[in-house]
Amino acid sequence: MLIFGQCLAADHRLVLGQTKVRDKSNEITAIPALLELLDITGCIVTLDAMGTQKTIAAQIQGANADYILCLKKNHPTLFQQVQTWFETAQTENTLPKSADYTVESGHHRIEKRQVWTIPLSTFPSLHEADGWVGLRTIVIVERTRQLWHKITHEIQFYLTSLDADNPRIGGAIRQHWGIENSQYWVLDVTFGEDACRVRSMHGPQNLAVLRRFALNALNRESTGKKRSLVQKTRLAAMSDDYMVKVLVAALPELSQSSSPTT
């Protein structure tokens, strides 16, 4: 999954690549560069609204991969068409059966998610739909979060090259936001990234690489009892033996032919 100038493998909680950007606008140019670095054949690439671009969708399809792209108001006509269709279907009670419905509880909250996957052919006509290479399905996700003092509700739309009956759509979207919520929280709280005062020359980029290397290594280290990342970092600081285990876990696994994998 590709998020804000870095590429992450959701299943393994690994950062696969990153590139430096000066501001938000340059993320659009960074995404194609990151995709070029990786073999994404057979993968599902999920992107925030910044990466919802026709050229990027075409690049992903050209690499024999599928995409799930968040649709927001940066594509105003298409967004308005999908939103109007959904609101009309709700009012007229003509929405099809949802493809996925989940209820999760934890951390003093209850979250309900409902996912509709609507084939492109269901819509009478969508603005420049032909420009999105491989587009097959519009995804609608409704989230309701019940906290102890308030209830939040949001609806999000996605474009995907996956067929509407593909069972992986809902899970891929959940994994995307799992990275958004957990990985950046860990970098901030455990590694103190936001509090770091290094700002000049190559320092910020070098430290970002080191933090993500450390995060990958700690996530891959799985010997002994299950430990939190905070516990792992403290133990690595106090025990050379455990530090070696962490570093070994960061090494690429060897195939049967003893050649390293990338």
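Okay, residues lined up against (1) under 26 Å from T55 (Cα atoms); (2) part of a helix (DSSP H, G or I):
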{"position": "V115", "(1), (2)": "no, no"}
{"position": "D130", "(1), (2)": "yes, yes"}
{"position": "G134", "(1), (2)": "yes, no"}
{"position": "I138", "(1), (2)": "yes, no"}
{"position": "H149", "(1), (2)": "no, no"}
{"position": "A164", "(1), (2)": "yes, no"}
{"position": "R174", "(1), (2)": "yes, yes"}
{"position": "A195", "(1), (2)": "no, no"}
{"position": "Q205", "(1), (2)": "no, yes"}
Inset, instruction - Can you give me the number of residues within region 109-143 that are hydrophobic (A, V, I, L, M, F, W, C) and farther than 24 Å from N64 by Cα? - result: 7
Inset, instruction - Select from region 27-67 the residues that are in a helix (DSSP H, G or I) and acidic (D, E) and write down the one among them that is surrounded by the most Cβ atoms within 10 Å (Cβ to Cβ). - result: E27
Inset, instruction - Just one of (1) of a type in the set (S, T, Y); (2) over 24 Å from V45 (Cα atoms); (3) loosely packed, with under 11 Cβ neighbours inside 10 Å trips up T152, so point out which. - result: (3)
Inset, instruction - Starting from residues that are within 20 Å of the chain's Cα centre (by Cα) and of a type in the set (D, E), keep the ones in region 104-144 and report whichever is modelled with the highest pLDDT. - result: E142
Legend entry - Conditions (1) in contact with a Ser or Thr (Cβ under 8 Å, 6 or more places away or on another chain); (2) surrounded by 15 or more Cβ atoms within 10 Å (Cβ to Cβ): number failed by W85: (1)
Inset, instruction - Quick one: in region 194-238, of everything that is within 14 Å of A250 (Cβ to Cβ), small (G, A, S) and crowded, with 17+ Cβ neighbours inside 10 Å, which residue is modelled with the highest pLDDT? - result: A236
Inset, instruction - Of the numbered conditions (1) touching a Ser or Thr at 6+ places or on another chain (Cβ under 9 Å); (2) exposed (fewer than 12 other Cβ atoms within 10 Å of the Cβ), H108 fails exactly one; give the number of that condition. - result: (1)
Legend entry - Failed condition for L78, given (1) at pLDDT below 95; (2) over 19 Å from the mean Cα position of the chain (by Cα): (1)
Legend entry - Qualifying residues in region 68-77 (those that are free of Cβ contacts under 8 Å to residues at least 60 places away in the same chain and under 16 Å from D130 (Cα atoms)) - the one surrounded by the most Cβ atoms within 10 Å (Cβ to Cβ): H75
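The values are calculated or read from the model by the stated rules, or taken from the named source; none is laboratory data. The structure presented is a predicted model; accordingly, all values stated were derived computationally and were not measured. Please note: Cβ atoms are built from the backbone with ideal geometry, for glycine as well, and neighbour counts cover all protein chains shown.
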